[in-house]
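Read through the structure below, which is laid out as structure tokens, and then see the notes.
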Amino acid sequence: MALVDFMKRAYYAAVGPPTTVKKRDDAIRIGLLGASKIAPLAVITPAKSHSEVIVAAVAARDRKRARQYAKKHNIPIVHSTYQDILDDPSIDAVYIALPNSLHYEWALRSVQAGKHVLLEKPSCSNAEEARRLFEHPLVTAPDAPVLLEAFHYQFHPAWQTFLSLVHHLPWGGTVEHVYSQQFLPNGYLDVDDIRFQYALSGGCLMDLATYPLSCVRQVLGRREHLNVVEARHRPLPVAADGSEVEPQIDVEIKATYITDSEKTAKIRGDLLYGGGFSFLPASWSHSLPRFKWPMTEALSGEILVDGQDDGQDDGSSHFVQRKVTLWNHLLPTIYHRIDICDRHFLRRGEELVKTWDEVQYIKAYNWPEGDVRSQTYQEWWTTWRCQLEEFVNRIKGRAGSGVWIDGEESIAQMEAIDETRISNMNSINVMKLEDTAAYQLPFPEWDNLQPITPRLDFDRVKANSTLTFRPKLYSIMPTQPQTFPTAFFLCTEV
């Protein structure tokens, strides 16, 4: 039976609903900005099972490619430009899966055109753009178009069940540490993929690793600010001629955080995950693709369990530490598992008398039985289908599941990305300008600098800042508070 259920979920999720869904007259007509690889998973296939959604139009930089895309996916309208979609009065909403560097511009244009927006993550190239977008009067107005950053995994019952478990620990416990990981096997992405282009705001932290960062922030909660303890990255491999290719791009990121309340978190993401054990020489095997499940794990502190002594009256104290692990939060429809492991300790003073584990496993393909939401959701719905359901509910003014990602959360996520990226590039305190002689480094001109924070308004930076330096890294600091966020730059001559 389990195998049959798995095959049903996989087939319906990949191909479409088990029965044809008749579209309603008031269905939301969505236009695709970009003929992206993700749109079939994120919108096109989920729309097949939604009576209130029609994917009506597509536009791409290459009109021929857009026509081929439209034919393949049965999209009736092909527009020549992105703006043509925004100017089309028959289009109610847009899905933006353009390169990250274009998210801010086209999301704002879409809102200005009165279109609802489903915006791929990350929402923008940096926190400044995110604040400008989500705090724009057209976005915050009472009757504003709906704007949603597409962190689809959050909408699935599996993730929400996991969150409920970690936010409501027994015995009064709280999460003290959280870890999240996400990997892509080496070779999955082409070498010319947009994720490896800095000008398009690429990199692992701006793509794959934004998931684990989002996950640990969800577990710890909005009130917990992540202070970066350490961030390290692996750059793109050098070119065949030995030159650096896109030196600002990270293909792997590892970061450690601590909150103001001293809770800790770690993330890891890798766009080129490979290597491991092999009978081949290490020089060969390091580039072989390797697989690891997406995973998020939350660990409580040790909790003193009152009134339980495991049947012994020997003066020992009973402690429990709970670990909750969610495997495969990204594609839970195919497979996922929530592990709840309670490790028990009996201690007599400083002596450890006894330990034992109690483990249970949970699946959550739908909301719990009896929950009204389970009457709408289906076990074969993907994370993207759940997200589309709530996007439509918000547009239609319905309550929905209660799961939502608002502008405040999207801004906070982008701020966490920026702070992680800055820490990754800088492990040395800012040095003052008068210290330059001690390091005997040439003082750079503005033209020698490359921004680490993507797509900052460089002219505004230069007009409102002074230049200081550190070894191999220059910092542009504002001369007046709040003229722009702190930005960091590599000096190409050092």
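The values are calculated or read from the model by the stated rules, or taken from the named source; none is laboratory data. The model shown is predicted, which means the values in this text are computed figures rather than measured ones. Glycine gets a Cβ as well: all are built from the backbone with ideal geometry, and neighbour counts include every protein chain shown. These accessible areas exclude ligands, DNA and RNA; they are computed on the full protein's heavy atoms, side chains included. Shrake-Rupley method; radii C 1.70, N 1.55, O 1.52, S 1.80 Å.
Taking all protein chains together and rolling a 1.4 Å probe, Leu163 ends up with roughly 10 Å² accessible.
Could you give the length gained on full extension between Lys71 and Arg223, defined as 0.36 nm per residue of separation minus the Cα-Cα distance, in nm? Don't skip to the answer; put the middle values down first.
Details: separation 152, 0.36 × 152 = 54.72 nm, distance 4.72 nm.
Value of the extension gain: 50.0 nm.
Measure off, as a whole percent, the carbon and sulfur share of the 1.4 Å-probe accessible area of the range 154-364, all protein chains present.
Working: 5420 of 10460 Å².
Summing carbon and sulfur atoms, their accessible area is 52 percent of the total for the range 154-364.
At the residue level, Asp143 shows approximately 130 square angstrom of accessible surface with a 1.4 angstrom probe and all protein chains present.
Could you tell me the calculated FRET efficiency between Gln83 and Asp62, based on Cβ-Cβ distance and R0 = 22 angstrom, to the nearest 0.05?
Numbers: r = 16 Å, r/R0 = 0.72.
Result of the calculation: an efficiency of 0.90.
Dipole of the range 154-364 computed with +1 at Lys/Arg Cβ and -1 at Asp/Glu Cβ about the Cα centre; of Leu220, Ile303, Phe291, farthest Cα towards the positive end is Phe291. Ordered from largest to smallest accessible area (heavy atoms of protein chains, 1.4 Å probe), the residues Trp384, Trp171 come out as Trp171, Trp384. Averaging the Cα positions of each part gives two centres, and for the range 58-80 and the range 349-425 these lie 33 Å apart. Here the range 154-364 was treated as a single set of alpha-carbon atoms; its pair distances binned every 10 Å from 0 give 8, 27, 29, 21, 11, 4, 1, 0 percent. For the range 154-364, the solvent-accessible area of protein heavy atoms averages 50 Å² per residue (probe radius 1.4 Å; ligands and nucleic acids excluded). Contact order, relative form, for the range 154-364: 22 percent (alpha carbon pairs under 8 Å, 6 or more residues apart, mean separation divided by residue count).
Please give the per residue accessible area of the range 86-138, computed with a probe of 1.4 Å over protein heavy atoms only, in Å².
On the way: 1590 Å² over 53 residues.
Heavy-atom SASA per residue in the range 86-138 reads 30 Å².
The protection proxy used here, the mean number of other Cβ atoms lying within 10 Å of each residue, ranks peptides 347-357, 222-232, 386-396 as follows, highest first: 386-396, 222-232, 347-357.
Charges were assigned to the Cβ only: +1 to each Lys and Arg, -1 to each Asp and Glu. The resulting dipole of the range 154-364 about its Cα centre is roughly 380 debye. Using 1/(1 + (r/R0)^6) with R0 = 41 angstrom and r between the beta carbons of Val245 and Leu138, what's the FRET efficiency to the nearest 0.05? About 0.55, to the nearest 0.05.
Shape verdict for the range 1-159, please, from the Cα gyration tensor: rounded (a/c under 1.5), prolate (a/b greater than b/c) or oblate. Prolate, because a/c is 1.5 or more and a/b exceeds b/c.
When you count the other C-beta atoms within 10 angstrom of each residue and take the mean per peptide, 72-82, 405-415, 210-220 line up highest first as 210-220, 405-415, 72-82. Shape of the range 76-216 from its Cα gyration tensor (a ≥ b ≥ c, root eigenvalues): rounded if a/c is under 1.5, otherwise prolate when a/b > b/c, or oblate? Oblate.
Shape class for the range 125-192: oblate, because the ratio a/c of the largest to smallest gyration tensor axis (alpha-carbon atoms, square roots of eigenvalues) is 1.5 or more and b/c is at least a/b.
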